[in-house]
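Read through the structure below, which is laid out as structure tokens, and then see the notes.
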Amino acid sequence: MALRFFNTYSRQLENFEPRGAVGRKIDIYTCGPTVYSRAHIGNFRAYIFEDLLQRHLELRGYKVHRVMNITDVDDKTIRGAREAKIPLRRFTEQFKQAFFKDIETLRIKRADEFPAATDQHYIDRMIEMIATLISRGLAYQAEDKSVYFRINKFPDYGKLAHFDLTQLQSTGRVKHDEYDKEHIGDFALWKAWDEEDGDVGWESPWGRGRPGWHIECSAMATALLGDQIDIHCGGVDNIFPHHEAEIAQTEGVTGKKFVRYWLHCAHLLVDGQKMSKSLGNFYMLPDVLEKGYTGRQIRYALMRVHYRAPLNFTWEGMEEARQALARIDEWLVRLRETAAKADTGNIDMQTSSQFEDALDNDLNISAALGFLFESIRVTNRALDRNEVDAIAAKAWLNWWERVNSVLAIEEEAGPLPPEVAELTEARAQARLAKDFQKSDELRNELSTRGWEVRDTQDGQKVTRRAGG
């Protein structure tokens, strides 16, 4: 079936038609972290949705060029650096590194570029864009010396968020909204320096200052991907004012349609409330890892609900994720044992496309996972009846490789930890000596450490407990 996505701009499911068919190349821009603290798992729900999107597009043969920005200068980062009494760059660097560590733990593919707003190259681009907007009457310098976008001069302003401009209220993200602007909705493009900014600032034609949050993304997106891009992603809280402003200022400069498809991820909830730093009801990745869960379990838990539906985070949900992965792990063990019974060579058997077809329909992960687990149920029954031969098992494993290239949830094989290898060898020696009591004691010790032992015709097989 054709790829379809729900476009926030039109509020409709639309067939996906990239700008250019040459090389099946797709440009994607995703809003990354603001590095004033460590990201919470609510943030990572959006990043995992974007990772799922990229992986599925690549499975369908597209070449994805993805850019994710890093906001390393805004009110919060400046305030944090000032309170920590360290330079801004040093303050934000710790959270940048934590972010990269966390996405590796969650198996999120790295973007092709991670541009930082404070890079002089992008600051220059921001100043250039602001100057163009002023020259076209789309922006002005107010009495406070800051530069604002004149939203009344952009007729399409508000169409992404689908609301009437007369309903606009002051927004907390734009500093100094209380100033006497032409319209309450006019947003800052360049913020004049003040004492709270300390040594953070850049020279511009409008005086020393720093860029507004919105212009940062427009500058970095167009610098790296060009005037027009295929897909722009983010959380639903980015729709207004951030993405609305991006459209206005970018198209105000280029005169071209900025984005073809806008995809937005719903909030992660905790006990029915939005997870956010401001509410203090959030978990960071280390908090969940310390509870004994793994990165792939967290990934699965954050991925298993459709991206446009709110996901309520609970510890019961984490246990469900652990059990779901256990089913997959055990299924794969059975298939591999069956496939190893004969030299099957290269297998070219047709398998169902229902998994991919489900994701073609606006990344319907619920339907895709439903088909996966139904396939596991059916094949397990067939395995119980010895109705799956080596060829069929290998075909299912080949299919799983395609599925896992999108989900990225398979347990990673690796060498046994030294203490586990030592216990395993001791148990093998005990069995050779027919000391079955000792063998059972060592099996229990391995189980306590999270490892399972199965005795087969080829000797004992030791695996990490399923779902780990």
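The values are calculated or read from the model by the stated rules, or taken from the named source; none is laboratory data. Just so it is clear, the model here is predicted, and its values are computed rather than measured. Cβ sites come from the backbone with ideal geometry, for glycine too, and all protein chains shown count toward neighbours. Surface areas here come from the heavy atoms of the whole protein model, side chains and all, with no ligands, DNA or RNA. Shrake-Rupley method; radii C 1.70, N 1.55, O 1.52, S 1.80 Å.
Of note:
- Set 427, 385, 381: member being in contact (Cβ under 8 Å) with a residue 12 or more places away in the chain, farther than 29 Å from residue 60 by Cα and among the charged types (D, E, K, R): 427
- So residue 15, is it of a type outside the set (Val, Ile, Thr) and open to solvent by less than 10 Å² (accessible area, probe 1.4 Å): no
- Taken together, 325, 363, 369 contain a single residue that is surrounded by 17 or more Cβ atoms within 10 Å (Cβ to Cβ), touching a residue at least 40 places away in the same chain (Cβ under 8 Å) and on the phi > 0 side of the Ramachandran plot, which is 363.
- Test for residue 245: is it farther than 30 Å from residue 306 by Cα, part of a helix (DSSP H, G or I) and open to solvent by less than 10 Å² (accessible area, probe 1.4 Å): no
- Qualifying residue in segment 399-407 (condition: open to solvent by 50 Å² or more (accessible area, probe 1.4 Å), farther than 20 Å from residue 357 by Cβ and either hydroxyl-bearing (Ser, Thr, Tyr) or touching a residue at least 24 places away in the same chain (Cβ under 8 Å) (or both)): no
- Residue 110 touching a residue at least 12 places away in the same chain (Cβ under 8 Å) and either among the basic types (Lys, Arg) or in contact with a helix residue (DSSP H, G or I) (Cβ under 9 Å, 6 or more places away or on another chain) (or both): no
- Scanning segment 440-465 for residues that are surrounded by 13 or more Cβ atoms within 10 Å (Cβ to Cβ), free of Cβ contacts under 8 Å to residues at least 40 places away in the same chain and β-branched (Val, Ile, Thr) yields a single hit, 453.
- Residue 340 vs. criteria open to solvent by 30 Å² or more (accessible area, probe 1.4 Å), of a type in the set (A, V, I, L, M, F, W, C) and within 25 Å of residue 53 (Cβ to Cβ): no
- The test for being surrounded by fewer than 17 Cβ atoms within 10 Å (Cβ to Cβ), of a type outside the set (Phe, Trp, Tyr) and at pLDDT 95 or above holds for residue 320.
- Some residue of segment 249-267 being over 30 Å from residue 304 (Cβ atoms), touching a residue at least 24 places away in the same chain (Cβ under 8 Å), hydrophobic (A, V, I, L, M, F, W, C) and touching a Phe, Trp or Tyr at 6+ places or on another chain (Cβ under 6 Å): no
- Number of positions in segment 282-324 that are in contact with a His (Cβ under 9 Å, 6 or more places away or on another chain) and more than 24 Å from residue 55 (Cα to Cα): 4
Here's the yes/no breakdown for (1) open to solvent by 40 Å² or more (accessible area, probe 1.4 Å); (2) within 21 Å of residue 237 (Cα to Cα):
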site	(1), (2)
45	no, yes
63	yes, no
77	no, yes
80	no, no
89	yes, no
98	no, no
102	no, no
113	yes, no
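- When segment 409-439 is filtered for residues that are surrounded by 14 or more Cβ atoms within 10 Å (Cβ to Cβ) and farther than 17 Å from residue 463 by Cβ, the ones remaining, listed by number, are 426, 430, 431, 435, 438, 439.
- When 300, 283, 307 are screened for being under 21 Å from residue 103 (Cα atoms), surrounded by fewer than 21 Cβ atoms within 10 Å (Cβ to Cβ) and touching a helix residue (DSSP H, G or I) at 6+ places or on another chain (Cβ under 8 Å), only 283 passes.
- Filtered residue count, segment 51-91, keeping only those that are over 30 Å from residue 401 (Cα atoms) and within 20 Å of the chain's Cα centre (by Cα): 4
- Selection count, segment 220-241, where residues are touching a helix residue (DSSP H, G or I) at 6+ places or on another chain (Cβ under 6 Å) and either at pLDDT below 95 or in a helix (DSSP H, G or I) (or both): 2
- Scanning segment 375-395 finds one or more residues that are within 21 Å of residue 320 (Cα to Cα) and of a type in the set (Ser, Thr, Tyr).
- Any hit, segment 173-184, residues being modelled with pLDDT of 85 or more, open to solvent by less than 70 Å² (accessible area, probe 1.4 Å) and either polar (S, T, N, Q) or out of contact with any His (no Cβ under 7 Å at 6 or more places or on another chain) (or both): yes
- Test: residue 197 is farther than 15 Å from residue 71 by Cβ and open to solvent by 50 Å² or more (accessible area, probe 1.4 Å): no
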